[in-house]
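One structure is given here, and the rest of the page talks about it.
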Amino acid sequence: MSQYKKGTVAALAVCVAAWCAAASAPAMAEDVLVTQYKNDPSGAPYGVAIERGFFKQAGVDITGVISGEGGGTSVRAVIASSLGFGETSPAAAIAAIAQGQDLKIVDIGTRSLADNVIIVMPDSPIKSVQDLKGKKVAISNPKSLGEMTFVAAAEKVGINPADIQRVALGNLSGALTALENHVVDATTIPGILFMMRGGDSRYRVIMGPKALPELPPAAGIATGALMKNHPQKLRAILAARREAVQFIDQHTADASKILEKIYAPLPPKDVDTMMHDLVAANFYSEGRIEMPLLQTTAHVMKVVGMLDKDVDLAKMIDPSFLPADLQK
């Protein structure tokens with residue numbers, strides 16, 4: 001055999017061995033980005049899916065969660081990630097897609113603002129959101145979820161959002177300080193933080209989980225690269241997440257046990273109360289993309305200045321990676 005042929009055969013053997021090794025190697029474990037994972041219960045299905053092994057059963061090795069900062073920062077982190085999938089606010093996703101980013105909304109994670117409460121101080125004369133007309137409310141920043149919450153809540157009870165003065169104070173801590181010092185009349189706060197800061201013993205709720213508007217705080221987004229190159233991986237992620245939502249709905253107490261370590265230092269009894277309240281409020285979605293929810297989001301985005309024109313939401317979604325019964 002010539003030296004050329006010997007070299008060719010040797011090279012071929014090396015290539016075959018390398019291919020076999022790659023084919024037999026387990027898939028690399030990956031983390032999924034979820035906005036405000038430990039501070040917001042929207043991401044609970046991912047914690048349950050990891051603990052219960054739903055991702056591995058579906059054929060994808062998701063072993064951890066990266067907590068995103070929120071807004072456009074989370075969207076950019078998803079785009080830059082090796083996975084190319086994450087859960088962010090629909091508003092941030094819509095804004096990014098409108099600016100030309102190669103993304104699609106592939107599922108709805110949570111359906112309403114039920115993970116938040118609108119609060120006043122116990123001695124406040126304000127009894128309902130209707131009483132906020134002509135009053136000051138604290139938000140962290142313009143165009144934030146807090147501002148969108150007040151806009152949606154005002155419209156739900158028939159108030160023009162412009163009749164409520166929204167005061168931006170930089171962060172949630174500043175908003176709460178302003179409320180406690182009677183600089184503003186109300187603010188909105190995540191349910192987890194509400195309970196951590198004393199709950200009903202410190203504040204009074206004027207709009208709670210069951211009454212808050214159906215403005216979805218979380219949606220799954222995927223990059224064009226993931227959808228094109230690894231469609232089965234995306235289908236597996238969404239199928240496993242759906243199974244986790246079903247587990248939360250059907251075995252809420254058991255799910256709460258899993259989530260205790262994620263939401264610590266919130267006491268276990270408060271985690272259980274929160275999860276039962278959210279299930280009762282139909283907070284978690286199995287993934288179906290409900291267009292009315294996104295239409296509400298786009299409308300509120302225009303009110304707060306996140307959008308300056310109408311957008312074609314139908315071109316921003318792709319439900320084809322969901323389980324078949326959720327695609328319609």
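Those residues that are buried (at least 24 other Cβ atoms within 10 Å of the Cβ) and either in contact with a Lys or Arg (Cβ under 9 Å, 6 or more places away or on another chain) or touching a residue at least 60 places away in the same chain (Cβ under 8 Å) (or both), I need them from the range 70-83; list them, please.
Going residue by residue through the range 70-83, those that are buried (at least 24 other Cβ atoms within 10 Å of the Cβ) are 74-75, 78.
The answer is VAL75, VAL78.
Need the failing condition index for ASN116 against (1) touching a Ser or Thr at 6+ places or on another chain (Cβ under 6 Å); (2) under 30 Å from HIS230 (Cα atoms), just the number.
Going through the list (1) touching a Ser or Thr at 6+ places or on another chain (Cβ under 6 Å); (2) under 30 Å from HIS230 (Cα atoms), ASN116 breaks only (2).
Collect the residues in the range 287-328 that are under 17 Å from LEU234 (Cβ atoms) and among the hydroxyl-bearing types (Ser, Thr, Tyr), keeping them in residue-number order.
If the condition is that a residue be under 17 Å from LEU234 (Cβ atoms) and among the hydroxyl-bearing types (Ser, Thr, Tyr), then SER320 is the only one that fits.
What helices (runs of 4 or more DSSP H) lie completely within the range 182-250 and have 2 or more residues being without any contact (Cβ under 8 Å) to a residue 12 or more places away in the chain?
Details: elements: 191-196, 224-229, 231-250.
Passing ranges, in order: 224-229.
Which residue, of SER89, SER82, is of a type outside the set (Asp, Glu) and closer than 25 Å to LEU293 by Cβ? Spell out how you get there, then give the answer.
Working: SER82 fails: closer than 25 Å to LEU293 by Cβ.
From the options SER89, SER82, the qualifying one is SER89.
Could you tell me how many of the residues in the range 151-165 are surrounded by 19 or more Cβ atoms within 10 Å (Cβ to Cβ) and more than 13 Å from ASP131 (Cα to Cα)? Talk me through it step by step, then tell me what you get.
Taking the range 151-165 as the starting set, the residues that turn out to be surrounded by 19 or more Cβ atoms within 10 Å (Cβ to Cβ) are 151-154, 159, 164.
Add one more test, that the residue is more than 13 Å from ASP131 (Cα to Cα), and what stays is 151-152.
Matching residues across the range 151-165 total 2.
If you scan the range 292-328, which residues turn out to be surrounded by 14 or more Cβ atoms within 10 Å (Cβ to Cβ) and among the small types (Gly, Ala, Ser)?
ALA298, the sole residue that qualifies.
Would the range 283-291 turn up any residue that is of a type outside the set (A, V, I, L, M), more than 24 Å from ALA92 (Cα to Cα) and either crowded, with 20+ Cβ neighbours inside 10 Å or touching a residue at least 12 places away in the same chain (Cβ under 8 Å) (or both)? Step through it out loud before you land on a result.
Here is the first cut: in the range 283-291, the ones of a type outside the set (A, V, I, L, M) are 283-288, 290.
Applying the additional criterion that residues be more than 24 Å from ALA92 (Cα to Cα) yields none.
Within the range 283-291, not a single residue is of a type outside the set (A, V, I, L, M), more than 24 Å from ALA92 (Cα to Cα) and either crowded, with 20+ Cβ neighbours inside 10 Å or touching a residue at least 12 places away in the same chain (Cβ under 8 Å) (or both).
Filter the range 104-141 for residues that are crowded, with 22+ Cβ neighbours inside 10 Å, among the polar types (S, T, N, Q) and touching an Asp or Glu at 6+ places or on another chain (Cβ under 8 Å) and give the result.
The answer is SER112, and nothing else.
Give just the number: which of (1) in a helix (DSSP H, G or I); (2) within 9 Å of VAL32 (Cα to Cα) does GLU87 not satisfy?
The single condition GLU87 does not satisfy is (1).
More than 19 Å from GLY224 (Cβ to Cβ) and within 15 Å of the chain's Cα centre (by Cα) - does that describe any residue in the range 92-99?
No, because not a single residue in the range 92-99 is more than 19 Å from GLY224 (Cβ to Cβ) and within 15 Å of the chain's Cα centre (by Cα).
Counting only residues that are assigned to a loop (DSSP other than H, G, I, E, B), polar (S, T, N, Q) and touching a residue at least 12 places away in the same chain (Cβ under 8 Å), how many does the range 161-181 have?
Kept after step one, since they are assigned to a loop (DSSP other than H, G, I, E, B), are these residues of the range 161-181: 164, 169-171, 181.
Narrowing the set further to residues that are polar (S, T, N, Q) leaves 171, 181.
Subset that is touching a residue at least 12 places away in the same chain (Cβ under 8 Å): 171.
Counting residues in the range 161-181 that are assigned to a loop (DSSP other than H, G, I, E, B), polar (S, T, N, Q) and touching a residue at least 12 places away in the same chain (Cβ under 8 Å) gives 1.
Would you pick out the residues in the range 257-297 that are in a loop (DSSP other than H, G, I, E, B), within 17 Å of TYR46 (Cα to Cα) and of a type outside the set (Gly, Ala, Ser)? Outline the logic, then answer.
Of all residues in the range 257-297, those in a loop (DSSP other than H, G, I, E, B) come to 264-267, 281-283, 285-290.
Checking the rest, the ones that are also within 17 Å of TYR46 (Cα to Cα) come to 264, 283, 285-288.
Result: PHE283, GLU286, ARG288.
Only one residue in GLY100, GLY134 is in the same structural domain as ILE164 (by TED's automatic domain parsing), of a type in the set (Gly, Ala, Ser) and not in a helix (DSSP H, G or I). Which one?
Values: GLY100 fails: in the same structural domain as ILE164 (by TED's automatic domain parsing).
The match here is GLY134.
The values are calculated or read from the model by the stated rules, or taken from the named source; none is laboratory data. As the structure is a computational prediction, the values presented were derived from the model and not from experiment. FYI the Cβ positions are ideal-geometry reconstructions off the backbone, even for glycines, and counts take in every protein chain you see.
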